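Chemist: The structure's right below; bear with me while I get my questions together.
The values are calculated or read from the model by the stated rules, or taken from the named source; none is laboratory data. As the structure is a prediction and not an experimental result, all values here were calculated from the model. Note: ideal-geometry Cβ built from the backbone for every residue, glycine included; neighbour counts use all protein chains shown.
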Amino acid sequence: MDTKTPTQSPPPTDRIEPQSSSAKPVVRPGDRVFSGLSKGSGITLLLIMAAIAVFLTVRAINALADNDANFLTYENWLPQNEPPMFGIATLAFGTVVSSVIAMLLAVPVAIGIALFISHYAPRKLAAPLAYVVDLLAAVPSIVYGLWGALILVPHLEGLNKWLDEYLGWTYIFDKTGTGPARSLFTVGILLAIMILPIVTNVTREVFLQVPRMHEEAALALGATRWETIRMSVLPFARSGIISASMLGLGRALGETMAVATVLSPSFVISGKLLDPGGGTFAQNIASKFKEANGFGQDALIASGLVLFVITLLVNGAARYIIGRRKEYSGANA
């Protein structure tokens, strides 16, 4: 008699066998088109930047080869002389000083305005105020320049006298001349007003992106409104504030017509910011390009190449500062 017990079949399972590694993911036509457009846009931008750099470099070499002065340290601009002599020392000094003044004045005020609009002002007041700030960003540069020349310069004479009287011992605010306030200090104030809406708008949008749970958690732990902003809002928005500041700095470095309208250009480097005179790269190019001959235009393009490099270095430094530490990222706040 056969006593073998029948074998039982294994219970069914719902396990899904893994797909072969050779299987390719399905790519939709829309994704392929979008990916191609994105890559093409990035490559096009790089090509444009490279073309600008090559153009500036080629034209600059033509002028620098015949320059009889040290281009980086010579203070005057005489490309029409025989032999030609020109340098960017005065232009670099004026550009950096006026931009630094603008940043010192504009960034703290912009952060305060952005905080007021996003966290303090009632909704009925915040919307119109944000709209007014947006309108300031749309005002043309020449309008700012005319306002600065006709309104700002005359009304700053009293401030200049006060600074000279009480802070003249610092040398920076020691005014030796009696002319109108067409100085780098005035240009810095005008640039601060011009970049204020740019920094404010970007910073305000960053503040509005702060997770609501972060603020509610701080308030639940007993933090005051300012402590909540200091511990939750500002750390999250730090990278955005730096980016907004760099956008404003780029505007200040390259501003042309407003500076040319307000400043009394001169090729003298002076640490006394209230004295009339000075110059910037953009202002010098705008005022001299039309009357310059071929060699003079190449010399101006050489100074434009320096401004181009400075702008790239500023943006690169901003990216380095943001990426140097992980806590600068809002996602890790």
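Chemist: For region 244-296, give me the residue count where each residue is free of Cβ contacts under 8 Å to residues at least 12 places away in the same chain and among the charged types (D, E, K, R).
Modeler: Of the residues in region 244-296, 2 are free of Cβ contacts under 8 Å to residues at least 12 places away in the same chain and among the charged types (D, E, K, R).
Chemist: State which residue is farthest from L46 (Cα to Cα) when the search covers only region 273-324 and only residues that are assigned to a helix (DSSP H, G or I) and of a type in the set (S, T, Y).
Modeler: S287
Chemist: Another question about this same structure. Please go through region 176-232 and pick out each residue that is under 20 Å from G277 (Cα atoms) and touching a Leu at 6+ places or on another chain (Cβ under 8 Å).
Modeler: Once the filter is applied, which keeps residues that are under 20 Å from G277 (Cα atoms) and touching a Leu at 6+ places or on another chain (Cβ under 8 Å), region 176-232 yields A181, R182, S183, L184, F185, T186, V187, G188, I189, L190, A192.
Here's the yes/no breakdown for (1) acidic (D, E); (2) surrounded by 20 or more Cβ atoms within 10 Å (Cβ to Cβ); (3) more than 30 Å from N201 (Cβ to Cβ):
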site	(1), (2), (3)
L247	no, no, no
G250	no, no, no
G254	no, no, no
I269	no, no, yes
G278	no, yes, no
A292	no, no, yes
F295	no, no, yes
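Chemist: Something else now. Yes or no: H214 surrounded by fewer than 13 Cβ atoms within 10 Å (Cβ to Cβ), of a type outside the set (D, E) and assigned to a helix (DSSP H, G or I)?
Modeler: no
Chemist: Specify which of the listed residues (T256, T261) is more than 27 Å from T73 (Cβ to Cβ) and of a type in the set (S, T, Y).
Modeler: Exactly one residue qualifies, and that residue is T261.
Chemist: Answer with yes or no whether A60 is closer than 23 Å to G250 by Cα, more than 23 Å from the chain's Cα centre (by Cα) and assigned to a helix (DSSP H, G or I).
Modeler: So A60 fits the description; yes.
Chemist: With respect to I198, determine if the residue is among the β-branched types (V, I, T), assigned to a helix (DSSP H, G or I), surrounded by fewer than 20 Cβ atoms within 10 Å (Cβ to Cβ) and touching a helix residue (DSSP H, G or I) at 6+ places or on another chain (Cβ under 9 Å).
Modeler: The answer is no for I198.
Chemist: Follow-up. Sort through R225, R204, R230 and tell me the only one that's surrounded by 20 or more Cβ atoms within 10 Å (Cβ to Cβ) and charged (D, E, K, R).
Modeler: That would be R204, the only listed residue that is surrounded by 20 or more Cβ atoms within 10 Å (Cβ to Cβ) and charged (D, E, K, R).
Chemist: For region 78-187, give me every one of the helices (runs of 4 or more DSSP H) that falls completely inside it and has 3 or more residues that are at pLDDT below 90 and surrounded by fewer than 17 Cβ atoms within 10 Å (Cβ to Cβ).
Modeler: 123-137, 153-167
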